[in-house]
Structure formats: C-alpha cells, structure tokens
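The next block holds one structure in the form of structure tokens; read it before the comments.
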Amino acid sequence: MLNNIDGSKLTIQEICEIGKSILNKSFREINEDGSIITKGGFGHFIERHVYNITPNSDSSPDFKLAKTELKVTPVRKLKNGTYSAKERLVLNIINYHEELNKTFYTSSFWSKNSILYIFFYLYQPDISNLDYIILKDLLIDFQELKTDLTIIKRDWETIHKKIKDGRAHEISEADTLYLAACTKGVNSQSLRTQPNSPDRAKQRAYSLKPSYMTRLFNKEPIDKYIDMMVDGVELEKLGFENLIVNRTNKYLNKSQSELIRLFNISSKSKNLNELILSSMLGLKNTKISKTEEFLKANIIPKTIRLEENNKIKEHMSFNTFKFTDIIEETWEDSYLRDYFESTKFMFSLFEKQGNDYFFRGVRFWNMPIHDIDNNLHDVWHETVNLIKQGKIIKKSGKITRNFFPKATDNPVAHVRPHAKNKADVYPLPVPDQLTKSTTFTKQSFWLNNSYILKIINHLFSDNSN
DNA sequence: GCATGATCATGC
DNA sequence: GCATGATCATGC
C-alpha cells in the first residue's frame, strides 16, 4: 500500500493516521498483489501491506520507535445488533524459565504489550476472509487505564506466582480477571519444562480475555455501563476479589428479610439475592453482572442456598447444548471446556435458619484444571458417545428415563433436562435407538450439589477474610 | 429422602 | 420467543 514507509520508525501519531486510512476497507481492498490470508495471518498481512514491517518474533514491539505492538482481531455481530469479540487476544508466549525472575515492569508481557494498536475486523462465517472489513482501530496505552492496569498487574502476579511455585501445569485462564495465560500450541501435547517442578506444563501465552476485548471494542457508549467506583488504593492493596469480599462482609449474618428492609428492595423475584448483593456494593439500580469489572472479567454471580441439614438441595445448571453441535467438537476446543476454563464465578452463600436465609459472605471460584480435564471430561465424553450411538432414551412414558451420566455416576457433573417443558427439544444427529425419535428434550450440564458443597466448605473454611 | 425428570420466572 | 438462572415434582 505504502512502500516508502518504515514501520519501525513511525511515531504513534503517524501509525494511527495510516491506520485510519484502512478503516471500512476489506483486506482485499488493502492488499494489492492478491496474496491470501492464512490462519492467524491477519496481523502479518497488515504489517506487511500497510506498515512495511517484516514479521518477526522479537521480544520488542512491532513499532520499535513508538514501542507499540500491532494487533488485528475479529469481532462478530450478534443477533441483537451488538458486537462481541470472537476470540481472546493472544499476546506473547510465556517462557516459564525466563519469566521466573521478572517483575511486572520487566516482564515479557509489559515490554512487548504496554501499548497496543488494535484493528478490529468483522468476522462473517460464509465469506472469504479477504472480504472481511476493518471496522475500528483502537490505541490502548495501559499506563492511562489506571483501574485496568491495577487489575492486570495483579493478574500478572497471580500467573507469576504459579510459575514460581512450580505450578505452571495448573494455570487456568479463569485464575485471573483481564490478563490470562491461555494455551497456545499445535495441540495439547505442546508441553514445556518449568522451573521448580518436574511436571511439564502446557505452552501458554499472555492474552486478553474475550470479555475484556468485547468491552474495549464497545468502549464508546460507556454510559450504558457503570464502573464499580472501586477505590484505587484499596484495589491495589487487596485485589478485586478481596475488595468485594471485604465490602460485603459488613453484612455478614444478616437475614434476607433484614437486608431487604435495609436496602428498601421491593422485588420478590428469583434474582432477589443479586439485588441484595448489588446494594451491598453500593450499586443503585444496576445489576452486578452489568458493571464494568464483571463484564470485562466475565465473572458470573451465582447464589447458593445452604439448607438446615448443611446440604445444598439443588444442583447448578448451565446453558443447554445442541446435540448436533456437541458431537462435532473435540474436547480441547469444546464449548464446555472453554466455558469452565475461562469463567470465574462469584458465589454468594445464604444459609437457612428457621424461616429465613442468612448471608454468609461471598467467594470467588473457578474450576481447577484437574477437575476440568478429568471428571468433567468424562461426563462430556460419555454424553457425546451416547448421542453418536443414538443411545438416548431408556424408558419412555410420562416420566422419560435417559442414558446420560447421572449425578451418582461422577463426582463433579451430570447431564439433565433443561427446557421449558418436555416438548422443548433439539434435533438428534442419530435417531434414538428405542423410540426412533429424531429430537429430544433440551439438556444441559449441571454441577453436582455434592461438588458445590465441597467447594463451599473449602472456600468458607477460613474466616480470615 | 434422594435422584432424576420436569418446569418456572425473568429479562432481553 | 428464547436463553438463563433457579426451583419444583415425581417415583423409587
């Protein structure tokens, strides 16, 4: 496009000026020699054809003078007209040995990615990737995003601590809020050695979570979202999760009815507890899940009720899956695995005593990789196998019995109906052996109440927070 | 009483 | 109209 420029010598202003000139253009329009784009090649394409940079794998940023890293990433348009990031933004690969003795500001993450210049293009499933359109450019200087930087710094320290502790093989994306260590390799067999442990760990790269990328892309109509007005000093000292735990601890052991009176809540709905939690955090008329921090970090609030016999009555439900989709997946790229590896939960615990439920606090949790890749994998694998064989219905009648894994079959999860009613169905890829039916009631994966109870007992066993 | 199947309530 | 979070109902 511009052959007389040298990307390595451009200033930030010049980079952005050139960047603006390719907005609303397709890759085909930018490209002049008809070259194709291979997987992951969008970045190289822009480097080569727009900025005259020869792709390399330096530890320094692409634009040397401007100390700015170039990124090109897809968004997709949802049915409701809004946009969301299609993927996490993958940054540099982590060398566990080299990162060991670094601090945040000397880390490979910071030296390469402290300033990002990002192009978002619109992904569309049925067209050639050369026809994707560049929708937007965005310059991100993390120094200027104070709250984000505080959280990202803490995220980096969380990852760093696992490396230091010889636990790189236990790293999970959901350990952290905005900055994550995602797997990056040809396959799950891309293992690397790590310091302080004989166990080999999956190759990982720093990345910005999809939820965070979605917020970056949608930054303009910011009035729709509300920051939690977290205090910078407090955030730096405690970290986001402890800050939330501390704030809500003020209301420990108060009953639901007392809290409703205190906060003047009139609703009788099922999300009552979420409204109570919002009020504890000082949010007026805003759901916690709609706040800036929860949106960026993809934290899902869940309410847990402990009964008087110290048991949890209900299992925990998740999204339904399509029988036709799940059999096309491999475990490594399955929706289920991705969901649990990248989602953090905020559990708020209410314990029953007499006729009321008493607030026992809030804890954050994400599923350990070991549970994901063992027990959860078993349930998923068994389910996929049954669908592929058309082995679904065991006994048909007023109450239908099915072959899917039960809560008693596995310590972590099981499969159960999750639908409007029995007639609310998805198509089966293979007709059911017994009934020849080509559809079946929508199902979802559920976490066993016994598993949740174990987690709760563990999370709430130390009363230091 | 528990495990599993069935369905409700809300919000977008 | 449907996804999502949550809870109810039935049968062993």
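Structure notes:
- If you go through region A:233-247 and keep only what is without any contact (Cβ under 8 Å) to a residue 40 or more places away in the chain and more than 10 Å from A:Val362 (Cα to Cα), you end up with A:Val233, A:Glu234, A:Lys237, A:Leu238, A:Leu243.
- For first residues located in region A:310-329 and over 18 Å from A:Leu447 (Cα atoms), partners that are away from DNA strand B (no atom under 15 Å from the Cβ) and in a strand (DSSP E or B) and lie 6+ apart or on another chain with Cβ distances below 7 Å form the pairs A:Phe323/A:Pro427; A:Thr324/A:Pro427.
- Given (1) free of Cβ contacts under 8 Å to residues at least 40 places away in the same chain; (2) touching a Phe, Trp or Tyr at 6+ places or on another chain (Cβ under 6 Å), number of the condition A:Gly166 does not satisfy: (2)
- Within region A:333-362, tally of residues that are touching a Ser or Thr at 6+ places or on another chain (Cβ under 9 Å) and of a type in the set (Phe, Trp, Tyr): 6
- Set side by side, the residues A:Ile304, A:Ile288 differ, and just one is touching a strand residue (DSSP E or B) at 6+ places or on another chain (Cβ under 6 Å), over 20 Å from A:Leu386 (Cβ atoms) and more than 13 Å from DNA strand B (Cβ to nearest atom), which is A:Ile304.
- Residues located in region A:426-458, provided they are hydrophobic (A, V, I, L, M, F, W, C), buried (at least 17 other Cβ atoms within 10 Å of the Cβ) and out of contact with any Gly (no Cβ under 9 Å at 6 or more places or on another chain): A:Phe440, A:Phe445, A:Trp446, A:Leu447, A:Ile452, A:Ile455, A:Ile456
- The number of residues in region A:424-463 that are among the β-branched types (Val, Ile, Thr) and either without any contact (Cβ under 8 Å) to a residue 40 or more places away in the chain or closer than 22 Å to A:Val384 by Cα (or both) comes to 6.
- Residue list for region A:321-344, filter: part of a loop (DSSP other than H, G, I, E, B) and over 20 Å from A:Asn375 (Cβ atoms): A:Lys322, A:Ile327, A:Glu328
- Under the condition of being within 29 Å of A:Leu238 (Cα to Cα) and among the charged types (D, E, K, R), the residues counted in region A:124-153 number 5.
- Residue among A:Tyr121, A:Tyr117 that is at pLDDT 90 or above and either more than 30 Å from A:Gly232 (Cα to Cα) or touching a Phe, Trp or Tyr at 6+ places or on another chain (Cβ under 7 Å) (or both): A:Tyr121
- Conditions (1) aliphatic (A, V, I, L, M); (2) under 24 Å from the mean Cα position of the chain (by Cα); (3) part of a loop (DSSP other than H, G, I, E, B); (4) surrounded by fewer than 16 Cβ atoms within 10 Å (Cβ to Cβ): number failed by A:Met367: (4)
- Look at (1) modelled with pLDDT under 90; (2) assigned to a strand (DSSP E or B); (3) out of contact with any Lys or Arg (no Cβ under 7 Å at 6 or more places or on another chain) and you find that A:Lys352 fails only one, number (3).
- Within region A:389-428, the set of residues being more than 14 Å from DNA strand C (Cβ to nearest atom) and among the β-branched types (Val, Ile, Thr) comprises A:Ile392, A:Ile393, A:Val412.
- Close pairs (6 angstrom Cβ cut-off, 6 or more residues apart or separate chains): free of Cβ contacts under 8 Å to residues at least 40 places away in the same chain and in the same structural domain as A:His370 (by TED's automatic domain parsing) in region A:398-423, of a type in the set (Ser, Thr, Tyr) and assigned to a strand (DSSP E or B) anywhere: A:Pro417/A:Thr441; A:Lys422/A:Thr441
- Restricting A:Lys394, A:Lys442, A:Lys388 to residues that are at pLDDT 90 or above and closer than 16 Å to A:Asn319 by Cα narrows the list to A:Lys442.
- Of all residues making up region A:73-90, the number that are over 13 Å from A:Ser211 (Cα atoms) and crowded, with 22+ Cβ neighbours inside 10 Å: 1
- Sole exception among (1) more than 13 Å from DNA strand B (Cβ to nearest atom); (2) assigned to a loop (DSSP other than H, G, I, E, B) for A:Leu376, by number: (2)
- Residue match in region A:306-320 (condition: over 18 Å from A:Lys454 (Cα atoms), touching a helix residue (DSSP H, G or I) at 6+ places or on another chain (Cβ under 9 Å) and not in a loop (DSSP other than H, G, I, E, B)): yes
The values are calculated or read from the model by the stated rules, or taken from the named source; none is laboratory data. On a predicted model such as this, the values are computed, not experimentally measured, just so you know. Here the Cβ is made from the backbone with ideal geometry for all residues, glycine too, and neighbour counts use every protein chain on show.
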